[in-house]
Amino acid sequence: MAGTGEGPHGDIESWPSGTTNLVVQLGLLLRRRGQAARGLTLTSKFAGNSDWEKTRRLKEPSAHDDDLRVLAHQLMDAAGFGAAA
């Protein structure tokens with residue numbers, strides 16, 4: 001779909017907001033369970049079976065949406081997906 005900004009998994013511009021929604025759900029789930037995250041890992045799979053993986057760690061475990069959102073945005077930026085949205 002050349003020129004539309006869409007990839008095989010939807011509109012590329014919507015990925016940051018979709019990631020943010022997932023992170024908010026993760027935070028809610030962790031809080032319900034009385035757990036906390038120590039970090040987040042983003043893995044991207046590409047055509048030809050290559051992949052890219054990056055992990056960011058928190059200074060201390062957290063289940064707060066803002067802490068998890070910052071990590072997710074750092075990962076998206078590192079992957080070149082433009083998480084600043």
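List of remarks:
- Of residues in the range 35-64 being within 16 Å of Val23 (Cα to Cα) and at pLDDT below 90, the one nearest to the chain's Cα centre (by Cα): Leu42
- Condition met for Arg56 (basic (Lys, Arg), part of a helix (DSSP H, G or I) and free of Cβ contacts under 8 Å to residues at least 60 places away in the same chain): no
The values are calculated or read from the model by the stated rules, or taken from the named source; none is laboratory data. Computed from a predicted structure; not experimentally measured. Neighbour counts run over all protein chains shown; Cβ positions are idealised from the backbone, glycine included.
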